[in-house]
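Heads up, the thing below is written out as structure tokens.
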Amino acid sequence: MSFVPSPFPVALIYVCRSWYHAGIKYVYRRPRLYPKNYLDFVTTISSSDVLGKYVHVLDLRFTIQSGKNSYTSRLLRRCSKTVEEFYAPQTSFGYAPLISVRHCMNLRVLDLSLVSETVDLRELFQAIKNLQKLTVLNFPRSSVFCVDFDDNLWPPNLSTLGLAGGISDDFLLTTRFPDTITELTMAHCPFVKMDAVKSLLRQLGPTLTALRITFPMPALGFNALDTALSLCPRLYRFIVSTDYITHRMLSSENCFTDHPLEILELDCSGMLGQSHKIQADDIALAILEGRLPKLRIVRASIKLGWSKDDEEVSELIEVLSEKEDGGLWIS
């Protein structure tokens, strides 16, 4: 049964009783949940003492407005012994589900990025403080800043952190983040300013290999992330909105020689003036002059207005095509 490709064909468990017992755990290992089957799934898991232990990935992102807080809490309790990844729904995630998260001791991924309901950060950190295996944590985009936050509650093995919601400059400036973090994402942070972001990058930059800071971040300045490459000397992948950078990000003062960056993705809000802040020839020069010698993949938003018929873009394509598996993608 383990060789059967995913998604697992449910018809196999109807062949005979032995096939049912062999295949049922693969059916429930990563259930595909949608509004039409969500309530049936809740009923089935709730009425069984066995099926919940087969669930390893509980993904509720597509169950749009189909449940209640009690449903989410009940599923987490039933699956608490085995669930390793939990992706929260946009709604139906309040205090009761947070309490149930505490019992999921094998949880490795906790993704709350879609949650639109208000979540108090104090309650969130109380819920995760004993999750020793947690490596990925994405904050809810409507989280509330906690003034008496205790930074000793971070999970010990956290490697990927997604910051969002109502976090403030004080949170970023005073919190001691774990040095185990290698991937950082920031978006939907309306109150965070440039100095706080730079302070965070100074703290985490030496260990970061992947960084993503994208629109909307309304309090950031037009050149807030020009020093990102110098603050993150081990960065392998950088995804950034051009709203917060200029061509000076790739200059010799902000990008040291032989920087290890290999993947650069340029997003864009499409607002007036953003398409001219960084050009294709700025990237090509950074490669040719040895500041980004390992850069091989560039992905640019179509909102930047780049065209393969432009001379500057053609030159960048030629430079990247000389790299193994290198190239320029515009989408």
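The rows are residues; the columns are (1) within 20 Å of Ile239 (Cβ to Cβ); (2) among the acidic types (Asp, Glu); (3) out of contact with any strand residue (DSSP E or B) (no Cβ under 7 Å at 6 or more places or on another chain).
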site	(1), (2), (3)
Asp120	no, yes, no
Pro140	no, no, no
Asn157	no, no, yes
Leu163	yes, no, no
Thr175	no, no, yes
Leu184	yes, no, no
Lys198	yes, no, yes
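Of all positions in the range 76-93, at least one carries a residue that is under 24 Å from Arg122 (Cβ atoms), among the aliphatic types (A, V, I, L, M) and not in a loop (DSSP other than H, G, I, E, B). Name, by its number, the condition in (1) surrounded by 19 or more Cβ atoms within 10 Å (Cβ to Cβ); (2) modelled with pLDDT of 95 or more that does not hold for Cys268. Condition not satisfied by Cys268: (2). Mind listing just one residue for me: the one in the range 14-49 that is β-branched (Val, Ile, Thr) and over 20 Å from Val4 (Cβ atoms) and, of those, surrounded by the most Cβ atoms within 10 Å (Cβ to Cβ)? Of everything passing the filter in the range 14-49, Ile45 is surrounded by the most Cβ atoms within 10 Å (Cβ to Cβ). When residues in the range 208-245 are screened for being among the hydroxyl-bearing types (Ser, Thr, Tyr) and either free of Cβ contacts under 8 Å to residues at least 12 places away in the same chain or out of contact with any Asp or Glu (no Cβ under 6 Å at 6 or more places or on another chain) (or both), 5 of them pass.
Which pairs have Cβ atoms under 9 Å, sit 6 or more apart or on different chains, and link a residue in the range 57-86 that is on the phi > 0 side of the Ramachandran plot to one that is outside any strand (DSSP E or B)? Close Cβ pairs satisfying both conditions: Gln65/Pro35; Gln65/Pro89; Gln65/Gln90; Gln65/Thr91; Gln65/Ser92.
Among the conditions (1) surrounded by fewer than 15 Cβ atoms within 10 Å (Cβ to Cβ); (2) in contact with a helix residue (DSSP H, G or I) (Cβ under 9 Å, 6 or more places away or on another chain); (3) modelled with pLDDT of 95 or more, Ser331 misses just one, which is (3).
On inspection, Lys294 passes the criterion of being part of a loop (DSSP other than H, G, I, E, B) and at negative phi. So for the range 283-299 (the condition being over 19 Å from Thr209 (Cβ atoms) and touching a strand residue (DSSP E or B) at 6+ places or on another chain (Cβ under 9 Å)), does at least one residue qualify? Yes, the conditions are met somewhere in the range 283-299. In the range 252-278, the residues that are touching a residue at least 60 places away in the same chain (Cβ under 8 Å) and part of a loop (DSSP other than H, G, I, E, B) never reach a residue that is small (Gly, Ala, Ser) and surrounded by 16 or more Cβ atoms within 10 Å (Cβ to Cβ) with C-beta atoms less than 9 angstrom apart, at least six apart or across chains. Taking first residues from the range 289-300 that are over 16 Å from Val313 (Cβ atoms) and partners that are surrounded by 15 or more Cβ atoms within 10 Å (Cβ to Cβ) and of a type in the set (Asp, Glu), the Cβ contacts under 6 Å between residues at least 6 apart in sequence or on separate chains come to Lys294/Glu262; Arg296/Glu262. Quick test for you: out of Ser6, Ser2, pick the one residue that is within 25 Å of Asn138 (Cβ to Cβ), of a type outside the set (A, V, I, L, M, F, W, C) and not in a helix (DSSP H, G or I). Selected residue: Ser6, the only one of Ser6, Ser2 that is within 25 Å of Asn138 (Cβ to Cβ), of a type outside the set (A, V, I, L, M, F, W, C) and not in a helix (DSSP H, G or I). Please enumerate the residues belonging to the range 50-75 that are touching a helix residue (DSSP H, G or I) at 6+ places or on another chain (Cβ under 7 Å), surrounded by fewer than 18 Cβ atoms within 10 Å (Cβ to Cβ) and part of a loop (DSSP other than H, G, I, E, B). Correct list: His56 only. Scanning the range 289-313 for residues that are farther than 22 Å from Leu272 by Cα and surrounded by 15 or more Cβ atoms within 10 Å (Cβ to Cβ) returns Arg291, Leu292, Pro293, Leu295, Arg296, Ile297, Val298.
When you scan the range 238-251, do you find a residue that is touching a strand residue (DSSP E or B) at 6+ places or on another chain (Cβ under 7 Å), assigned to a loop (DSSP other than H, G, I, E, B) and not polar (S, T, N, Q), even just one?
No; the residues of the range 238-251 include none that is touching a strand residue (DSSP E or B) at 6+ places or on another chain (Cβ under 7 Å), assigned to a loop (DSSP other than H, G, I, E, B) and not polar (S, T, N, Q).
The values are calculated or read from the model by the stated rules, or taken from the named source; none is laboratory data. Source: prediction; values computed, not measured. No Cβ is skipped: glycine too gets one built from the backbone with ideal geometry, and neighbour counts run over all protein chains shown.
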